[in-house]
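The values are calculated or read from the model by the stated rules, or taken from the named source; none is laboratory data. For clarity, every value in this text was computed on a predicted model and none was experimentally measured. Note: ideal-geometry Cβ built from the backbone for every residue, glycine included; neighbour counts use all protein chains shown. These accessible areas exclude ligands, DNA and RNA; they are computed on the full protein's heavy atoms, side chains included. Shrake-Rupley method; radii C 1.70, N 1.55, O 1.52, S 1.80 Å.
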Amino acid sequence: MTGRVAGKAALISGAATGIGQSIAVRLAAEGARVAVADIDAEGGSDVVAEIEQVGGEAMFIALDVTDEDAWRDAVAAVESTFGKLDILVNNAGIAIVESVDKMALKDWRAVMAVNIDGVFLGTKYAVPAMRRAGGGSIVNVSSILGLVGEAKVSAYCASKGAVRLFTKAVALECGRDGSGIRVNSVHPGYIHTAMVEETCRRDFGDIPTGMAELSKAHPIGRIGQPAEIAAGVLYLASDESKFVTGSELAIDGGYTAA
Ligand code: NAI
């Protein structure tokens, strides 16, 4: 197989739909063997079939990113099936919208469990596997809301801000230990996925109105597509970015430029 990540083995969390699906499909198209990891077995299996249909190599792994044992098993499954782990994309994430004075502690904890505990656990088990592979690339999907705040999503913003600095701390750790492991974060603007359709319905009444309003917040004049995030992740996952670690790549149509 040829391609920009040919011969590499990748695990992508939350890859059954949306941005994660697009990342899985793109990495596979560029020659990686891909583990599609998600709590959604049906959606995940569909993504595996989509990759295999065009000659790519993929497998589904049932993974709840909040479950430490499941992470240990997932990384072991990638190593036993693909022989190694070169790329981890910590993509799974959730948002719960509520004003800070009404937010239940259990909801705050649910957001933190997926968005930051999940990234920590994935990294914890990927790093030793990548050491065994002689190096690797970890890409953490944060958000524009890990760079700037927004009303009524304080838990989400706190979790995504945590992903940004966790990324830099681990990049320093891995950069200095000679492991050849790079760690970077990606910060998407609003991207057309199920998550954003839900935002449109909830905040603006319907999807077209919501899309129009959200588009105005991006200087480029539109929201993004999952493939535009996948293109950035591909760069960070590939050896083309071998001098890049601890960086934060905003792919946001200029949202955070102001
Ligand atoms: P989505 O809601 O369309 O898909 C998320 C996927 O993660 C689903 O397949 C879901 O089953 C999976 N997932 C949820 N909880 C999980 C868990 N505990 N363990 C394993 N998998 C789990 O989301 P979307 O929009 O594709 O977002 C992907 C990432 O990008 C998230 O981290 C999100 O915060 C981030 N992001 C999304 C933006 C957007 O506008 N869509 C903007 C900025 C960041």
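What Kirkwood hydrodynamic radius, in Å, does the stretch 161-258 give when the mean of 1/r is taken over all pairs of distinct Cα atoms and then inverted? Before the final figure, lay out the partial values.
Numbers: mean 1/r = 0.0670 Å⁻¹.
14.9 Å is the Kirkwood radius here.
List every residue whose amide H lies under 5 Å from the amide H of Gly224, counting only residues 5 or more places away in sequence or on a different chain, with H placed 1.01 Å from N in the peptide plane.
Tyr190, Ile191, His192
How long, wide and thick is the chain, going by the Cα atoms along their three principal axes, in whole angstroms, largest first?
On the principal axes, the chain reaches 48, 38, 33 Å in Cα extent.
Looking at the square roots a ≥ b ≥ c of the eigenvalues of the Cα gyration tensor of the stretch 202-248, which shape do they give, rounded for a/c under 1.5, prolate if a/b is larger than b/c, or oblate?
Judged from the Cα gyration tensor, the stretch 202-248 comes out prolate (a/c at least 1.5, a/b above b/c).
In the full protein assembly as shown, how much of Met112 is accessible to a 1.4 Å probe, in Å² to the nearest 10?
Number for this one is 30 Å².
What is the gain in length, in nm to one decimal, between Glu198 and Ala231 on full extension, counting 0.36 nm per residue of separation less the C-alpha to C-alpha distance?
9.5 nm
Pull up all non-local amide H partners of Ile94: gap of 5 or more, or a different chain, and H-to-H distance under 5 Å with H placed in the peptide plane.
Asn115
Too long at a 19 Å Cα-Cα cut-off: which of Lys8/Lys168; Lys160/Lys242; Lys84/Lys124; Lys124/Lys168; Lys106/Lys168?
Lys8/Lys168; Lys160/Lys242; Lys106/Lys168
For a quick check: with amide H placed at 1.01 Å from N, whose amide H comes under 5 Å from Arg182's, ignoring anything fewer than 5 positions away on the same chain?
Gly136, Ser137, Ile138
Given an 8 Å cut-off on Cα distances and at least 6 residues of separation, report the relative contact order of the chain as a percent.
Numbers: 549 pairs, mean separation 47.9, N = 258.
Value for the chain: 19 percent.
How many angstrom separate the Cα center of the stretch 95-131 from the Cα center of the stretch 50-88?
20 Å
Specify which residue in the list Ala29, Asn140, Ala227 is farthest towards the positive end of the charge dipole of the chain, using unit charges on the beta carbon of Lys, Arg (+1) and Asp, Glu (-1), about the Cα centre.
Selected residue: Asn140.
Using a/c under 1.5 as the rounded threshold, could you call the stretch 115-212 rounded, prolate or oblate? The axes a ≥ b ≥ c are square roots of the C-alpha gyration tensor eigenvalues, and prolate needs a/b larger than b/c, oblate otherwise.
Here the stretch 115-212 falls in the prolate category.
Suppose every Lys and Arg Cβ carries +1 and every Asp and Glu Cβ carries -1, with no other charges. What dipole size does the stretch 114-258 come out with about its Cα centre, to the nearest 20 debye?
420 debye
Looking at the square roots a ≥ b ≥ c of the eigenvalues of the Cα gyration tensor of the stretch 1-116, which shape do they give, rounded for a/c under 1.5, prolate if a/b is larger than b/c, or oblate?
Prolate shape, in that a/c is at least 1.5 and a/b is the bigger ratio.
Give the range of the longest stretch in the chain that excludes all GluC sites (Glu not before Pro) found in loop regions by DSSP and having at most 16 other beta-carbon atoms within 10 Å. If you can, show how the numbers build up before the last one.
Details: sites that count: Glu98, Glu150.
Here the longest segment lacking exposed loop sites spans 151-258.
Connecting C-alpha atoms closer than 10 Å in a GNM of the chain, tell me which of Arg33, Arg201, Arg131 has the biggest fluctuation.
Highest fluctuation of the listed residues: Arg201.
About its Cα centre, how strong a charge dipole does the chain have in debye, to the nearest 20, once Lys and Arg get +1 and Asp and Glu get -1 at the Cβ?
My answer is approximately 820 debye.
Cα-based Rg of the stretch 101-141 per 2.2 N^0.38 Å, rounded to two decimals?
This ratio for the stretch 101-141 stands at 1.60.
So for the pair Val100, Ser247, with labels modelled 7 Å out along Cα→Cβ, what separation do we get in nm?
That separation, rounded to one decimal, is 3.3 nm.
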